[in-house]
Amino acid sequence: MADEVSCSPLAKASESAIDTLRVSQRDQVATAMRDLPAGLELTVDGLALTLKNDVPKGHKLAVLPVIAGEPVLKFGFPIGKATQDIAVGEHVHVHNMATGLSGIEDYVYQPVPQAPHAPAPDQTFVGYRRDWGGPGGRVGIRNEIWILCTVGCVARTSERLAKIASERFKGRIDGVYALTHPLGCSQLGDDLSHTRSLLASLAMHPNAGGVLIVGLGCENNQLSNLLKEIDRPADRLKYFAAQMVEDETEAGLEALEELVAVIEKDRREECHVSDLAIGVKCGGSDGFSGLTANPLVGRIADRVAFAGGRSIMTEIPEIFGAERILMARARDEAVFRGVVDVVNDFKNYFLEHKQPVFENPSPGNKAGGITTLEEKSLGAVQKGGTSPLNEVLRYGERAHEKGLSLLEAPGNDAVSSTALTAAGAVIVLFTTGRGTPLGFPAPTIKIASNSALAARKPHWIDFNAGQVVEGRSLDDTADDLMKLILATASGQPTCNEKNEEREIAIWKNGVTL
């Protein structure tokens, strides 16, 4: 079943340009590939029907009748329950269907044997080999300096330093960037630990040849405690507390000059695809995301994982309803238990704040045709491909295992993509059906789920996955995306880099003093 969810949509969609797509023979619904008018006569998988309503592009139509209270199937799995009888040819959406999710669930370890996979392509890129970050080091794809702040009070100071340094050191390295945030003070307990762990992991990222940490002096997130969690050569890490120096700008520029003198000597060298670590993320999903962009990214995640690289996925609330697919692929029972814990912990987080676990999809998701969280989740998990799940990471942790990892973080685009970068992803593959200019510290390849978005926002979108429902074969499309990834890893800038869209966001989940 997990393979069916991951592979069927693209395999069917790539046959030809079509009006509708029904993923599984079990499904009572199909997806409209274009705006379909009421009265239109269609044949879907041999089932003749006449549309009773207009069905917008990306939305669902019934190809089989559904009785009120019964589950509605898409991808071969329930995506909710009918709230009224649904006749063949009807538009299926929030007016006649609702989520079936509630609260905490019990799970049983039922591993599914993994199907054989094709050998991973023997591909290379040119990157920067680092001698820190774990056994054998890691490989970065940029040679930048990142300026991190312990507390929001020195965020503007960090940005000022980055602006001056970018001009002063232009051409000597790949860039100087301030990654700022408003936290670090008035935090306690686990909330403070989250902030510290996230910043420490960012400070060890291989895309940053050098790191400058700017502290204040009186903050809860003390510089001395943060430094204890960072493993990086001393000549590539500089730091100071602004309250302890006479001129923070002068101190910062002096530290940056020392870092530049070290990292400007770094050179790219040939690296195997097994040296890559990618993060996978979806944002502003639509009815096509689970049919085009997400399964396509899943193919890439498999290629990287099976080649011996790292693929990292997250957005825990956006696997609710599809978590059993990942649990069945857990490498062993310990990893399975890790998935159970992170899923139920997140559900408890919602319930403790008196929020339902299914308060998703967003208004934009619904406008694009996604009706329930289950539907969104079944599309979203496809970004993880079909490879075994080898590791479960808590927020702020870094990936250690090769293959696929699941990372604890919310669905929020900025928070989860920052967490993916901190976990070690040197590229983030970001699928979207609605579009966003947002970018993150790691180069962010935006992948449109539909061709209309790619055509309308070429300055946001790096790759068009919509071509897989317009006659382009799955294999050719995946090959092209892999070429773009390797070119990006070798230095080709993404749209977010060209647009200077780089943000971080830290998960604030505790009290503020």
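Mind checking whether some residue in segment 345-361 is buried (at least 24 other Cβ atoms within 10 Å of the Cβ) and of a type in the set (A, V, I, L, M)? No, there is no match, as no residue in segment 345-361 is buried (at least 24 other Cβ atoms within 10 Å of the Cβ) and of a type in the set (A, V, I, L, M).
Out of the residues in segment 362-392 meeting the condition of being in a loop (DSSP other than H, G, I, E, B) and out of contact with any Asp or Glu (no Cβ under 8 Å at 6 or more places or on another chain), tell me which one is nearest to LEU481 (Cα to Cα).
If we filter segment 362-392 for residues that are in a loop (DSSP other than H, G, I, E, B), which is where we start, we get 362, 368-372, 385-388.
Going one step further and asking which of them are out of contact with any Asp or Glu (no Cβ under 8 Å at 6 or more places or on another chain), we end up with 362, 371-372, 388.
Values: SER362: 28, THR371: 29, THR372: 29, PRO388: 22 Å.
Looking at residues that are in a loop (DSSP other than H, G, I, E, B) and out of contact with any Asp or Glu (no Cβ under 8 Å at 6 or more places or on another chain), I get PRO388.
Quick one: count up the residues across segment 168-199 that are over 21 Å from GLY439 (Cβ atoms) and out of contact with any strand residue (DSSP E or B) (no Cβ under 9 Å at 6 or more places or on another chain). Walk me through it before giving the result.
First pass over segment 168-199, keeping only residues over 21 Å from GLY439 (Cβ atoms): 168-169, 171-172, 184-197.
Now restrict to residues that are out of contact with any strand residue (DSSP E or B) (no Cβ under 9 Å at 6 or more places or on another chain): 171-172, 185-197.
Within segment 168-199, residues that are over 21 Å from GLY439 (Cβ atoms) and out of contact with any strand residue (DSSP E or B) (no Cβ under 9 Å at 6 or more places or on another chain) number 15.
Are any residues in segment 28-52 surrounded by 18 or more Cβ atoms within 10 Å (Cβ to Cβ) and in contact with a Gly (Cβ under 8 Å, 6 or more places away or on another chain), and if so, which ones? Within segment 28-52, THR31, ALA32, LEU49, LEU51 meet the criteria.
Here segment 221-255 is the region considered, the condition is being among the polar types (S, T, N, Q) and buried (at least 19 other Cβ atoms within 10 Å of the Cβ), and the residue that is nearest to ILE278 (Cα to Cα) is ASN221.
Here is the figure for segment 221-235: residues that are over 28 Å from the mean Cα position of the chain (by Cα) and without any contact (Cβ under 8 Å) to a residue 40 or more places away in the chain total 5.
Those residues that are farther than 19 Å from ILE427 by Cβ and of a type in the set (Ser, Thr, Tyr), I need them from segment 290-323; list them, please.
Restricting attention to segment 290-323, the residues satisfying the condition of being farther than 19 Å from ILE427 by Cβ are 290-292, 316-323.
Matches in segment 290-323: THR292 only.
Within segment 47-61, the residues that satisfy the criterion of being of a type in the set (A, V, I, L, M), touching a strand residue (DSSP E or B) at 6+ places or on another chain (Cβ under 8 Å) and over 18 Å from GLY287 (Cβ atoms) are ALA48, LEU49.
Residue-level check: of (1) surrounded by fewer than 14 Cβ atoms within 10 Å (Cβ to Cβ); (2) touching a His at 6+ places or on another chain (Cβ under 7 Å), HIS91 misses just (1). Within segment 471-482, residues that are surrounded by 14 or more Cβ atoms within 10 Å (Cβ to Cβ) and in a helix (DSSP H, G or I) reach partners that are modelled with pLDDT under 85 and among the small types (Gly, Ala, Ser) with beta carbons closer than 7 Å, at six or more positions or on different chains, in the pairs LEU474/ALA11; LEU474/SER14. Are any residues in segment 64-93 in a loop (DSSP other than H, G, I, E, B) and under 16 Å from GLY321 (Cβ atoms), and if so, which ones? Selection gives PHE75, GLY76. Scanning segment 413-434 for residues that are crowded, with 21+ Cβ neighbours inside 10 Å and part of a loop (DSSP other than H, G, I, E, B) gives ALA423, GLY424, ALA425, VAL426, GLY433. The residues on offer are ARG156, ARG168, and the sole one that is under 20 Å from LYS498 (Cα atoms) and at pLDDT 95 or above is ARG168. Considering only segment 306-363, state which residues are of a type in the set (S, T, N, Q) and within 20 Å of the chain's Cα centre (by Cα). Once the filter is applied, which keeps residues that are of a type in the set (S, T, N, Q) and within 20 Å of the chain's Cα centre (by Cα), segment 306-363 yields SER311, THR314, ASN360, SER362. For segment 442-460, the set of residues classified as part of a loop (DSSP other than H, G, I, E, B) and crowded, with 24+ Cβ neighbours inside 10 Å consists of ALA442, PRO443, SER449, ASN450, listed by residue number. Using the structure shown, decide if ASP85 is surrounded by fewer than 15 Cβ atoms within 10 Å (Cβ to Cβ), of a type outside the set (Val, Ile, Thr), closer than 30 Å to VAL273 by Cβ and touching a residue at least 12 places away in the same chain (Cβ under 8 Å). Judged against the criteria, ASP85 is not a match.
As a summary of the residue check, CYS218 satisfies the conditions (1) buried (at least 16 other Cβ atoms within 10 Å of the Cβ); (2) not in a helix (DSSP H, G or I) except for the one numbered (1). Across segment 67-96, the number of residues qualifying as over 34 Å from the mean Cα position of the chain (by Cα) and within 15 Å of THR371 (Cβ to Cβ) comes to 2.
GLY290 falls short of the stated requirement of being under 30 Å from ALA162 (Cβ atoms), of a type outside the set (A, V, I, L, M, F, W, C) and either assigned by TED's automatic domain parsing to the domain that holds MET482 or touching a Leu at 6+ places or on another chain (Cβ under 8 Å) (or both).
Could you say which residue among ARG310, ARG303, ARG267 is of a type in the set (Lys, Arg) and surrounded by fewer than 23 Cβ atoms within 10 Å (Cβ to Cβ)? Lay out the reasoning, then the answer.
Details: ARG310 fails: surrounded by fewer than 23 Cβ atoms within 10 Å (Cβ to Cβ); ARG303 fails: surrounded by fewer than 23 Cβ atoms within 10 Å (Cβ to Cβ).
Criteria check complete, one pass: ARG267.
Looking at (1) part of a helix (DSSP H, G or I); (2) of a type outside the set (Gly, Ala, Ser); (3) under 30 Å from ILE319 (Cβ atoms), which one does GLN243 not meet, given that it meets all the others? Looking at each condition in turn, GLN243 falls short on (3).
The values are calculated or read from the model by the stated rules, or taken from the named source; none is laboratory data. For clarity, every value in this text was computed on a predicted model and none was experimentally measured. When we count neighbours, we look across all protein chains shown, and the Cβ atoms used for this are built from the backbone with ideal geometry, even at glycine.
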